[in-house]
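What follows is calculated from the coordinates using simple rules that are stated; it is not laboratory data. On a predicted model such as this, the values are computed, not experimentally measured, just so you know. Counting neighbours? That spans all protein chains shown, and the Cβs are built from the backbone with ideal geometry, glycine included.
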Amino acid sequence: MRIISGSARGHRLKTLGGLDTRPTADRVKESMFNMITGYVQEAKILDLFAGTGNLGVEALSRGASQAVFVDRNAEAIKVITDNLKHTKLIDKARIIKSECDTYFASINAQEEKFDIIFMDPPYSQEIISPTLAQIFKWQLLNKGGIIVVESDKEDALPEVRPPYAIMRSKTYGRTVVTIIIKDDDK
């Protein structure tokens, strides 16, 4: 696993041992970032179920202004920290060890919003729908912002209603990348 483009291009990232984390394959990540290229520059990023930090670090390398990494696993937090230090992007990051719903409740008081939310939860655990419901409930996305959901093709996405809409969805083997946009004019 490596950074594909930007200031940290070519840097190899550490991964987590075991089968608990499934990093986004380089070819999927490259295609994903090609789909969202116009959204990344100066964006404020939220990387949920961050694992190794692969998606958020790639976004920072490509010009995002800041990123928040959220994962509940202590080993993942250490790997994310190491990867940010290795790529010299640590000063643009906040790393939070937390369940997503606990994190959402904690930031609501601060009214923090994001331009891009990456969501790459464990496959086949019915996490996508409740997490998206929380994102919508707490209104965590800026107008014109996007949510990038990586899922297994067997994982069902919930119905998305205005002001949110599915902008694009693409399948890579068992992996599906779905981009949801927030358009307050709808």
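Among (i) 1.12; (ii) 0.94; (iii) 1.22, which is the computed Cα Rg over 2.2 N^0.38 Å?
Only one listed value fits the structure, namely (ii).
Restricting to DSSP H runs of at least four residues, report the calculated mean residue ellipticity at 222 nm for the chain, -39500 (n - 2.57) per run over all residues, nearest 500 deg cm²/dmol.
Calculated at 222 nm, the ellipticity per residue is -9000 deg cm²/dmol.
Enumerate the lysines that K88 could reach by cross-link, defined here as Cα to Cα under 19 Å, with residues fewer than 8 away along the same chain left out.
Counting by Cα, and skipping residues close in sequence, K88 has these lysines nearby: K14, K44, K78.
So if I place +1 on the C-beta of Lys and Arg and -1 on the C-beta of Asp and Glu, and nothing else carries charge, what would the dipole magnitude of the chain be about its Cα centre? I want it in debye, nearest 20.
Working: 26 positive and 25 negative charges, 124 e Å.
It comes to approximately 600 debye.
Can you tell me the order of 146-155, 40-49, 120-129 when each peptide is scored by its average per-residue count of other Cβ atoms within 10 angstrom, highest first? Please list the in-between numbers first.
Values: 146-155: 19.9, 40-49: 21.7, 120-129: 15.2.
Those peptides, ordered most packed to least, come out 40-49, 146-155, 120-129.
Can you give the % of DSSP beta bridges in the chain that are antiparallel, to the nearest 5?
45
Would you mind putting 57-66, 165-174 in packing order, based on average other-beta-carbon counts within 10 Å, highest first?
Going by the mean number of other Cβ atoms within 10 Å, highest first, we get 57-66, 165-174.
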